[in-house]
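Everything on this sheet refers to the single structure shown next.
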Amino acid sequence: MSANTMAAGTEALPKKRGLWQNAWKRLKRNKRAMVGMYIMLAILLLAIFAPVIAPYGYDDQVLTEAFQSPSLKHLCGTDNFGRDVFSRLLYGGRISLTLGLIAVALSTIVGIIVGAISGYYGGAVDNLIMRCMDIMQSIPSILLAIAIASTLGGSMVNCMIAIGISSVPLNARLMRGMMLSVRQNEYVEAARCANASDLRIMFREIIPNAMSPMIVNMTLGYAGALLNAAALSFIGLGAQPPSPEWGAMITAGKTYITRYPYLITAPGVAIMLTVISLNLFGDGIRDALDPKMKQ
């Protein structure tokens with residue numbers, strides 16, 4: 001066989017796709033996941049461009065227009081201070097989405113560090129850390145978040161901290177399991193033979209190769225963080241008035257629920273659509289990154 005023939009045959013071979021390319025290809029075939037992604041993108045764009053889209057300021061008060069039903073002038077009606085509910089909904093998306101994102105990022109980062117140390121060193125260190133995680137996990141996450149938020153005081157920053165800390169055990173256990181699975185691979189042994197430090201092995205060799213399930217868990221955990229943030233705001237431990245956070249909007253409207261149900265319908269639907277879209281997208285990412293799935 002000539003060299004030209006071999007070269008032509010080599011060029012004819014399909015280029016091998018990487019993990020993320022294959023995952024994206026499988027994700028695009030999942031219609032429910034794509035619907036969830038498009039809904040979430042729409043919600044993000046509405047929140048980002050709230051100053052452009054919102055017809056009024058989120059705290060503009062016109063007392064003579066209080067409790068107006070939904071109309072062309074006020075798409076979602078007005079509240080007891082005459083504030084436009086639709087405008088507050090758009091601005092509230094910025095707060096709710098940011099709050100949930102920072103909370104889940106905090107829990108993921110802390111969980112990765114704690115789980116990596118536990119899984120890498122094992123022994124007494126692993127036993128001590130996991131027992132602490134057992135104690136935290138024995139308390140429902142929302143109750144733990146309420147306890148932390150009530151201790152720190154009601155504010156958005158404390159709300160993010162409370163939700164983040166309450167979600168650490170799940171992330172730590174997941175990372176620990178991945179550490180135990182990955183640390184025996186050949187490339188980790190090669191790094192040890194090259195006298196690489198423990199930190200380098202953990203953060204350069206093991207953690208990057210254990211991130212797929214963490215990304216899936218972060219996507220699904222985002223939905224839970226949004227719900228917990230809304231719950232904390234609902235009981236007064238999250239965003240404070242006049243902040244248009246979705247949970248706080250439901251709290252403000254619950255007094256008038258029988259006569260003006262639209263006051264809680266709009267933020268309730270926003271929370272529902274966001275959580276459903278995140279769950280659909282998260283399930284799709286989980287299936288796309290599953291190594292058992294065929295290309």
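Against the test of being loosely packed, with under 15 Cβ neighbours inside 10 Å, part of a helix (DSSP H, G or I) and among the β-branched types (Val, Ile, Thr), the options Val275, Val269 yield a single qualifying residue, Val269. Number of residues in the stretch 193-243 that are over 21 Å from Met40 (Cβ atoms) and either of a type in the set (Phe, Trp, Tyr) or touching a Pro at 6+ places or on another chain (Cβ under 9 Å) (or both) equals 2.
Considering only the stretch 208-219, I want to know if a residue exists there that is touching a Ser or Thr at 6+ places or on another chain (Cβ under 6 Å), closer than 16 Å to Ile102 by Cα, in a helix (DSSP H, G or I) and not aromatic (Phe, Trp, Tyr).
Yes - at least one qualifying residue is present in the stretch 208-219.
When Thr78 is tested against (1) more than 21 Å from Leu273 (Cα to Cα); (2) under 28 Å from the mean Cα position of the chain (by Cα); (3) polar (S, T, N, Q), only condition (2) is not met. Scanning the stretch 186-216 for residues that are touching a residue at least 24 places away in the same chain (Cβ under 8 Å) and of a type outside the set (A, V, I, L, M, F, W, C) gives Asp198, Asn209, Ser212, Pro213. The residues of the stretch 40-65 that are among the small types (Gly, Ala, Ser), surrounded by 15 or more Cβ atoms within 10 Å (Cβ to Cβ) and not in a helix (DSSP H, G or I) amount to a single one, Ala54.
Values in this text are rule-based calculations from the coordinates and carry no lab data. The structure displayed is predicted, hence computed values, not measured ones. Cβ: placed from backbone, ideal geometry, glycine included. Neighbour counts: every protein chain shown.
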